[in-house]
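Before any comments, here is the structure.
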Amino acid sequence: MRKNELPPLMTIADTMAYLQCSRQHVYDLLAAGRIKTYKVGRRRYVDADSLAHLFW
C-alpha cells in the first residue's frame, strides 16, 4: 500500500483523523447518507471508497 492510499475499511477514529473533523460530523455524514459504513459486532467501519466520493 502506498502512503497516499487509504485502507479499504477505516474506523470512526481513523476517519476523524483523515477528515480532521469531530466524531459528530462523521456521524452526521453517515446519517445524511454521504458515507457508507459496515457494522461488525459492535464496531462500525467506514468504507474508504465512500470517503473518496466526498471530494468528487
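The values are calculated or read from the model by the stated rules, or taken from the named source; none is laboratory data. Just so it is clear, the model here is predicted, and its values are computed rather than measured. Cβ coordinates were reconstructed from backbone atoms using ideal geometry, including for glycine residues, and neighbour counts include every protein chain displayed. In case anyone asks, the SASA skips ligands and DNA or RNA and just uses the protein heavy atoms, side chains included. Shrake-Rupley method; radii C 1.70, N 1.55, O 1.52, S 1.80 Å.
Total residues in region 1-26 satisfying the condition of being open to solvent by 70 Å² or more (accessible area, probe 1.4 Å), of a type in the set (S, T, N, Q) and part of a helix (DSSP H, G or I): the figure is 1.
Checked against (1) out of contact with any strand residue (DSSP E or B) (no Cβ under 6 Å at 6 or more places or on another chain); (2) part of a strand (DSSP E or B), L29 passes all but condition (2).
Does any residue of region 35-47 turn out to be in a helix (DSSP H, G or I) and out of contact with any strand residue (DSSP E or B) (no Cβ under 6 Å at 6 or more places or on another chain)? Within region 35-47, none of the residues are in a helix (DSSP H, G or I) and out of contact with any strand residue (DSSP E or B) (no Cβ under 6 Å at 6 or more places or on another chain). Among residues of region 37-56 that are under 16 Å from P8 (Cβ atoms), those with a Cβ under 6 angstrom from a residue that is basic (K, R) and not in a strand (DSSP E or B), sequence gap 6+ or separate chain, pair up as D47/K36; S50/K36.
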